[in-house]
Amino acid sequence: MNHIRIFRQHIPSHLVLLVVLEYIAMVASVYAAHALRFSWGESLPDFHGVQSRAQVYAVVNLVCMIAMGAYRPRTKEGLTGSMLRTMVAIFLIGTAILSASFYLFPSIGLFFGRGVLALASVFSLLAITLLRWLFRKLTDASMLRWRILVCGAGDKALRVSTLLREQGGDEVDVVGFWPVTPAPARVPAEKIIDKSVSMYQLCLEQNIQEIVVAVDERRRTDQNDFPLEQLLDCKLNGIAVVDDLMFLERELGRLDIRSLSPGWLVFSEGFSFSPTRDVLERGFDILASLLLLLVAWPFMLLAVIAIKLEEGIRAPVIYSQERVGYGGRIFPVHKFRSMRIDAEKDGKAVWAQKNDNRITRVGNFIRNTRIDELPQIFNVLKGQMSFVGPRPERPQFVEELAKQIPYYKERHRVKPGITGWAQLCYPYGASVEDAEEKLKYDLYYIKNHSLLFELFILVRTVEVILLGNGVR
């Protein structure tokens, strides 16, 4: 699909349009709520002060909707699931934030009134429901789908098609596959293009918007008819041409590590150093850590009391474990202990499993709510970790995984984090296969990370905490 690039992130253009329209709808909802609420009086209120409140209302609710995953591309949820997330964001989280902001900061003039806030929330939900219904209808009618032609019909072309289908790629139409000999065809025969017309003519006739080059062998030989001239002809006439790795990275939000080459990692855009970004991120980590400690210390105190009550006054509260951090350096990571004291009595590292019987009752709660991770704030303050980054792994597992998964040690190019892109996109990993899948997202983060991308990940982490996604 067509994308707009914002701070290294490719965002589907129709999703940007939806966000803008919903923002306008929420601003209009506040005006409508004021008009309706005060129309029963003698006169309408002065709307001079409504504008700032309407803008704040829309921004707060947009952030809450992002946090609840209401704007996830390629979601397999229907309209009902999407609107349930939106209801929680607007009626629970958004309302709580707006109400608290008035009582905490009364001088900034954000008082809505219960009637106005309730009406604005109802109007917003109705408008958003209508907009999303219309967008889904347009997508089903193919009006918002991105039409692509895959150049190639071999293994790489099949992989592109398979990954799109597995990801739920209903918003991308693979019109067909342009075969390049001598690679044997691996795609469905009915999808192979008859090359009786030129590639450019085909793109015009089929309304193709992008060509994805997924050819197993790109060198031109007597046997290999790589269509260089035809691809250049299409590109010079305004049709986008992209290779399969860049296309899959953009569409899936991860790197296909089994298809990567060392040269692609070095020469592709990304994996860049920025001293300004590093200073800003470190400053953000310190400030956010101090603010989080101010908010979280009561929960940390309650966790200590709960652990002591369940397992005795002498039971250890903090569990420190060696992990591999930035540059492969070993450091101790701190967590509230959620497992029995003898969880690894033989000294051997063991993957955490679903419904692990080593987890205590208190441990189950603090893991589901992520309270067990709060002591890692001190790791962040020390500079051993960041708020956002790949989750640090144990040295025993790193040694084992690096032997089986290509590029695994590249995840240590940045500081590990309390939360990360892989934690949002993939459930808890408890096997080599899971570790490989999560590495795809970790490398995508390392390649494209920026301060705003990290802020987005932090906002989306709210969904993980509230819904308990990926917990074991």
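Taking only segment 182-192 into account, find how many residues are part of a loop (DSSP other than H, G, I, E, B), farther than 17 Å from D244 by Cβ and either of a type in the set (A, V, I, L, M) or within 38 Å of the chain's Cα centre (by Cα) (or both). Residues meeting the conditions: 2. E166: surrounded by 17 or more Cβ atoms within 10 Å (Cβ to Cβ), more than 22 Å from Q230 (Cβ to Cβ) and either at pLDDT below 90 or in the same structural domain as I211 (by TED's automatic domain parsing) (or both), yes or no? No, not satisfied.
If we scan segment 318-341, do we find a residue that is at pLDDT 90 or above, in contact with a strand residue (DSSP E or B) (Cβ under 8 Å, 6 or more places away or on another chain) and part of a helix (DSSP H, G or I)? Within segment 318-341, not a single residue is at pLDDT 90 or above, in contact with a strand residue (DSSP E or B) (Cβ under 8 Å, 6 or more places away or on another chain) and part of a helix (DSSP H, G or I). Residue-level analysis places S101 outside the set of residues that are modelled with pLDDT of 80 or more and in the same structural domain as E22 (by TED's automatic domain parsing).
The set of residues from segment 263-275 being part of a loop (DSSP other than H, G, I, E, B), surrounded by 10 or more Cβ atoms within 10 Å (Cβ to Cβ) and not hydroxyl-bearing (S, T, Y) comprises G270, F271. Residues in segment 416-423: is at least one in contact with a helix residue (DSSP H, G or I) (Cβ under 8 Å, 6 or more places away or on another chain), assigned by TED's automatic domain parsing to the domain that holds G283 and surrounded by fewer than 16 Cβ atoms within 10 Å (Cβ to Cβ)? The answer is no, given that none of the residues of segment 416-423 is in contact with a helix residue (DSSP H, G or I) (Cβ under 8 Å, 6 or more places away or on another chain), assigned by TED's automatic domain parsing to the domain that holds G283 and surrounded by fewer than 16 Cβ atoms within 10 Å (Cβ to Cβ).
Of everything in segment 305-335 that is touching a residue at least 40 places away in the same chain (Cβ under 8 Å) and among the aromatic types (F, W, Y), the residue that is nearest to V414 (Cα to Cα) is Y326. So for segment 254-262 (the condition being assigned to a helix (DSSP H, G or I) and not small (G, A, S)), does at least one residue qualify? Scanning segment 254-262, I find at least one residue that is assigned to a helix (DSSP H, G or I) and not small (G, A, S), so the answer is yes.
Against the list (1) out of contact with any strand residue (DSSP E or B) (no Cβ under 8 Å at 6 or more places or on another chain); (2) not in a helix (DSSP H, G or I), the condition E249 fails is (2). Residues that are modelled with pLDDT of 90 or more and within 23 Å of the chain's Cα centre (by Cα) within segment 255-279 comprise just one, L255.
Residue by residue through segment 295-317, note down the ones that are aliphatic (A, V, I, L, M) and either farther than 14 Å from G363 by Cα or in a loop (DSSP other than H, G, I, E, B) (or both). Hits for segment 295-317 are V295, A296, L301, I313, A315, V317.
For segment 64-81, indicate whether the set of residues that are touching a helix residue (DSSP H, G or I) at 6+ places or on another chain (Cβ under 9 Å), farther than 30 Å from W146 by Cα and either at pLDDT 90 or above or small (G, A, S) (or both) is non-empty. No - not one qualifying residue is present in segment 64-81. Taking residues in segment 391-402 that are buried (at least 17 other Cβ atoms within 10 Å of the Cβ), and partners anywhere that are of a type in the set (A, V, I, L, M, F, W, C) and assigned to a helix (DSSP H, G or I), the pairs with Cβ atoms closer than 6 Å and at least 6 places apart or on different chains are L401/A435.
The values are calculated or read from the model by the stated rules, or taken from the named source; none is laboratory data. This is a predicted model, so every value here is computed, not measured. Ideal geometry is used to build each Cβ from the backbone, glycine not excepted, and the neighbour counts take in all protein chains shown.
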